[in-house]
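Scroll down for the structure; my scribbles are underneath it.
Just so it is clear, none of the values below were taken in a lab; they were calculated from the coordinates. Everything numeric in this text was worked out from a predicted model, so none of it was measured.
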Amino acid sequence: MPTTLAPWQQRIHDQAAAALDAGRLGHGLLFCGPAQLGKRAVAERLAARLLCDATDTPRPCGACRGCRLLASGAHPDYRVVSFIPTKDGARLRTEIVIEQIRQLSEQLSLTPQYGGAQVVIIDPADAVNHAACNALLKTLEEPVPGRFLWLVSANPARLPATIRSRCQRLEFRLPPRDEALQWLQAQGHPAGAAEEALDAARGHPGQADDWLRGEGMALRREVGSDLDAIAQGKRTPLETAQRWTADEHAALRLRHAADLAVARAGERLTDPARTRSLAAWFDQANRTCDLLRTTVRADLAVVELLMAWRAGAARPDAKARHDGAR
């Protein structure tokens, strides 16, 4: 659990904590908003507040039995439901299944072992499959005092409306740019790098931080260089597609490619035909990214996309040569 919440996280936490202290916090909560904005962190901090034994110090105190058990991962009244291994143990499941929801329902029906509260967090809640959603709905429809069921989701629209309607929503939104930049610099990132990454991440500080700590920004520059080389005939779509899909970063490369297409469209507002071409390619890049989640061969899907990029880049040059010859 993070020791310090980001400013936008702290605001939501404080509002929810005030509702909790006033007895206005519902049995079911839906923490929703873009990924990597700290929804799970806020849910965990609120759980710590509920499960803390302190009465005369700020909660969570970090020193009582409840706080120590929570920190060690052994609190019997707290549970996180997420992806579990497949039966053969080779990988994690891609959805949350009914057996998991039944187990949490059984837990919430029991008397808390410590204090008067039980907390279950489901993350990501939009991964609960159809059969499990029916069991989850039953649990939400039969609340028990002191039992809290909190759903964390970056894609709440994927949840059935019947489940969403039975939860209070805590909405996470992108913070103001100045606040995001200050936070990124507080994480140790230089000002220039923070601005570049925040612009690339469309104002998303969590995404920018992740890219700065990992390979995200280097991949973005690589993608831009590759697109230029393909347009100039210095690199082939096939070779580039094979390299883009050779590791686990294929989807991120496609996201960067789509974003760069949008940026270049913005630079060519005086060329409506080129702008429309880039907009169409942006849509194609997003569809290709979706194809990566299917059984379609990734390199074939990406090579088709990059061939379209090369063809689109060639058309304005051909038109210029034609106009110049007249």
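Quick notes on this one:
- The chain gives an Rg/Rh value of 1.06, both radii derived from C-alpha positions and Rh following Kirkwood.
- For V80, residues with placed amide H under 5 Å, excluding near neighbours: I121
- Applying 0.36 nm per residue to the separation of R264 and E141 and subtracting their alpha-carbon distance, the gain on full extension is 39.3 nm.
- Bridge orientation summary for the chain: considering DSSP beta bridges with both residues in this region, about 5 percent are antiparallel.
- Between helix 177-186 and the chain: long-axis angle, C-alpha atoms, 0 to 90°, nearest 10: 80 degrees
- In the elastic network of the chain, a GNM with C-alpha springs shorter than 10 Å, the most mobile of L300, L227, L151 is L300.
- Nearest-ten-degree value, helix 39-51 long axis tilted from longest Cα axis of the chain: 10 degrees
- Taking the C-alpha atoms only, the angle from helix 272-291 to the longest principal axis of the chain is near 50 degrees.
- The mean sequence separation of alpha-carbon pairs under 8 Å and at least six residues apart, normalised by the residue count of the chain, gives a relative contact order of 16 percent.
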